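Q: Submitted below is the structure of interest, expressed as structure tokens.
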Amino acid sequence: MAKKKPIDWRLVPAPESKDHVRIDPQYELFVGGKWQKPKSGTYFDTINPANEQRLARIAEAGEADVDAAVKAARKAYDTVWSRMPAAERAKYIYRIARLLQEKAREFAVIESMDGGKAIRESRDVDVPLAAAHFFYYAGWADKLNYAFPGKSVSPLGVAGQVIPWNFPLLMAAWKLAPALACGNTVVLKPAETTPLTALKLAELLQEAELPDGVVNVVTGAGATGAAVVDHPDVNKVAFTGSTGVGKLIQRATAGSGKKLTLELGGKAANIIFADAPIDQAVEGIINGIYFNQGHVCCAGSRLLVEESVHDEVVRKLKHRMRSLVVGDPLDKNTDIGAINSKEQLVTITKYLKAGVADGAELYQPACDLPAKGYWCRPTLFLDVAQSARIAEEEIFGPVLAVQTFRTVDEAIQKANNTPYGLSAGVWTDKGSKIFNLTSKLRAGVIWANTYNKFDPTSPFGGYKESGYGREGGVHGLGAYLNLN
Ligand code: NAD
């Protein structure tokens, strides 16, 4: 009898079209409402990490360019933006939000091409949330006195904002929307590997007829960021990025009178109790670490599981991991896209080796990876010692370290045993346990029976080496205002 052919469960490719997308071969600096060539004449490439092909040449801003951008922001602040009635400012911000919604597909595709994230993420999370932040803060612009009763509120002046590569458009929105609503002008520095959506946003601001100089976009790497931070005429620095650079910025701004908020790294624990809805928790763990390639500051990169359900959770996790689709970020079926850059893949690979060297058991599902581009299979480490580097350091990749606990106190102690304090997750069917943990975990954001959920009304930020200050919600306004 002929042998039965095994069923091929692989999904048929469903790539999102690129036809509606315009990426210019070269982008200049957006200063004073105009596209300006960099004074140094230097450019760098931004590439698609899924195929290693160049997407565009990007201008590199030096100190003189940053100075011109800060001057343009100051002029716009003094002459237009701080004088404009708040309700008028709000109209511009609403217009930005609406235009972003209209162009959502183009922004989502460019975000996935430039950063490597799956289109499902950029389409369903990054772009809608970015628009939601502009809508939300537009509503606050003429109600600032009600946000801080009994205080007199005034803008700070020029804000220098430096953002990372993992949520390029969303981080720009997190920073721009409250700054503009409060009456500040901005010099924004996107990350060097993902500048495109910030530059497309600058085009959108022109279309929205935002007055010249209210937002300036300067592209470049760390030196450009440092020039923004160090500029003497910047009143406020908002930084999202690594803890190492955050510490440098804290030192650089100390004693300068500049207001500073830092959103830094994380090493979140997802805590699963035996009474948790296990299938739901497994989906939450997967969502918390593997989607967006683990390039998430608040990723649930440590799993603390109650010993009695360890085997069940791990079995179900492995089963679910085998169905994750790794590959083309533009394919709508893709769960895990490309690692953002070659450097980041080298970092992740270093941690995979360190995990094995420290005695943990590595599990990766067998899956085909594309020949070109930067890829990492979803990875699980079992039997991880508390002292292992993979349990302590931020990896920023799709790598989960599993540990067990027996008591609530042990779970709290292990979860807090990290220099970071950005986020955590708790899975249990007991409300009392949730409230007990939320008061004892030193993390800025704690999700209960869910993970990685965001809303513009909700403040976000960290404890300890995860930084200080809050973005989002009413708290996010306070960072851009003088309150007397
Ligand atoms: P990074 O610190 O290397 O770079 C962030 C930004 O700072 C980039 O634009 C970079 O060009 C710029 N920069 C680099 N050196 C600088 C310097 N000396 N002065 C001023 N600017 C400088 O971080 P990254 O690798 O782009 O991003 C990943 C990190 O960001 C992770 O640690 C992650 O946890 C963190 N992150 C935190 C949050 C949060 O809200 N807490 C959100 C997203 C990312």
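The values are calculated or read from the model by the stated rules, or taken from the named source; none is laboratory data. In this text, all values refer to a predicted model and were calculated from it rather than measured experimentally. In this analysis, Cβ positions are derived from the backbone assuming ideal geometry, glycine residues included, and neighbour counts consider all displayed protein chains. The protein model used for the area step is the full one, side chains on, heavy atoms only, and it has no ligands, DNA or RNA in it. Shrake-Rupley method; radii C 1.70, N 1.55, O 1.52, S 1.80 Å.
Q: Does the stretch 386-398 contain at least one residue that is more than 22 Å from Q53 (Cβ to Cβ), surrounded by fewer than 22 Cβ atoms within 10 Å (Cβ to Cβ) and acidic (D, E)?
A: There is at least one residue in the stretch 386-398 that is more than 22 Å from Q53 (Cβ to Cβ), surrounded by fewer than 22 Cβ atoms within 10 Å (Cβ to Cβ) and acidic (D, E).
Q: Being at pLDDT 95 or above, of a type outside the set (D, E) and surrounded by 13 or more Cβ atoms within 10 Å (Cβ to Cβ) is the filter here, so list the residues in the stretch 357-369 that pass it.
A: Within the stretch 357-369, A360, L362, Y363, Q364, P365 qualify.
Q: What number of residues within the stretch 370-385 are open to solvent by less than 70 Å² (accessible area, probe 1.4 Å) and closer than 29 Å to Q413 by Cα?
A: Residues that pass the stated criteria total 7.
Q: Working carefully through the options E306, E283, E263, find the one that is of a type in the set (D, E) and within 10 Å of the ligand (Cβ to nearest atom).
A: E263
Q: Which pairs do you get when a residue that is closer than 17 Å to A159 by Cα, found in the stretch 458-476, comes within reach of a residue that is away from the ligand (no atom under 11 Å from the Cβ) and among the charged types (D, E, K, R), reach meaning Cβ atoms under 9 angstrom, with the pair 6+ apart or on two chains?
A: Filtered contacts from the stretch 458-476: G469/K259; G472/D455.
Q: What is the one condition in (1) open to solvent by 20 Å² or more (accessible area, probe 1.4 Å); (2) away from the ligand (no atom under 11 Å from the Cβ) that K236 does not satisfy?
A: Every listed condition holds for K236 apart from (1).
Q: Let me ask something else. Which residue pairs have Cβ atoms under 6 Å apart, sit 6 or more places apart or on different chains, and have a first residue in the stretch 76-90 that is of a type in the set (V, I, T) and a second that is assigned to a loop (DSSP other than H, G, I, E, B) and open to solvent by less than 30 Å² (accessible area, probe 1.4 Å)?
A: Note: pairs meeting the criteria are V80/P211.
Q: What number of residues within the stretch 376-397 satisfy the criterion of being more than 17 Å from S423 (Cα to Cα) and assigned to a loop (DSSP other than H, G, I, E, B)?
A: 9
Q: In the stretch 247-345, which strands (runs of 3 or more DSSP E) lie fully inside it and hold 1 or more residues that are over 30 Å from D409 (Cβ atoms) and open to solvent by 10 Å² or more (accessible area, probe 1.4 Å)?
A: Answer list for the stretch 247-345: 259-263.
Q: For the condition more than 9 Å from the ligand (Cβ to nearest atom) and not assigned by TED's automatic domain parsing to the domain that holds A73, what is the one hit in A254, A274, A299?
A: A274
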